[in-house]
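The values are calculated or read from the model by the stated rules, or taken from the named source; none is laboratory data. The shown structure was predicted, so the numbers you read here are calculated from the model rather than taken from an experiment. Quick reminder, even Gly has a Cβ in these numbers, built from the backbone with ideal geometry, and neighbours come from all protein chains shown. Each accessible area value is taken on the protein alone, full model and side chains, heavy atoms only, with ligands, DNA and RNA left out. Shrake-Rupley method; radii C 1.70, N 1.55, O 1.52, S 1.80 Å.
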Amino acid sequence: MTGSGVAGGWAATVVWVGVVVVYAGLSSVWTAHDPGWYSRLAKPSFQPPDLVFGIVWPLNFLALLGVGVWFTRSADATGVWPATLVLAASVVAALAWAWLFYVPHRIGAATVALAVAAVLTWVLVVLVARSLPWAGLVLAPYAVWLSIATALSVQYARLN
């Protein structure tokens, strides 16, 4: 706890929010890099419709922002900085996936990066849930989504 009586202080909140904003911004730039290439890929049988991606990703980013602000500002939260570092590492891995997949089209390497992001996100869920169980539940769908995305990426690598 900081001297202000708040778990991570404003610095943790600013870092968490900054990481999520950079994540949302860079991933949108990279996923829009070469839409023609993506549309020509053979898709796995369990590929959700494009509309699902357009709904789920903004909700994931909102969940990350909302939980992050509450978690980093909660007097009941412990382990704010370790969780923030895990978030940052998972975002680096997820952004590596977005860049590797959509820019140089290195699907295999992208799949490994996304698997790392998914594992780290599950670690994040556990770290947050230790202090704020409801916040861990709010982040769980994002972790599930990254796990599904990893399975999709495995299939993209296999099919293409």
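Just a few scattered comments:
- Dipole in debye (nearest 20) - the chain, about Cα centre, beta carbon charges: Lys, Arg +1; Asp, Glu -1: 220 debye
- Against the chain, whose longest principal axis comes from its Cα atoms, helix 133-159 is set at around 20 degrees.
- Probing with 1.4 Å while keeping every protein chain in the model, the per residue accessible area of the chain equals 48 Å².
- Residue-wise HN-Hα coupling along segment 81-96, computed from phi with Karplus coefficients 6.51, -1.76, 1.60 (Hz; x: Gly, Pro): 5, x, 5, 5, 5, 5, 4, 4, 5, 5, 5, 4, 5, 5, 5, 4
- Kirkwood Rh in Å, taken over all unlike Cα pairs in segment 72-160: 13.5 Å
- Segment 95-159, accessible surface, carbon-and-sulfur percent (1.4 angstrom probe): 77 percent
- Sequence-distant contacts, meaning Cα pairs under 8 Å at least 6 residues apart, place the relative contact order of the chain at 31 percent.
- Against the rule of thumb 2.2 N^0.38 Å, how large the Cα Rg of the chain comes out: 1.08
- Full extension of the chain between residue 37 and residue 74 yields a length gain of 8.9 nm, computed as 0.36 nm times the residue separation minus the alpha carbon distance.
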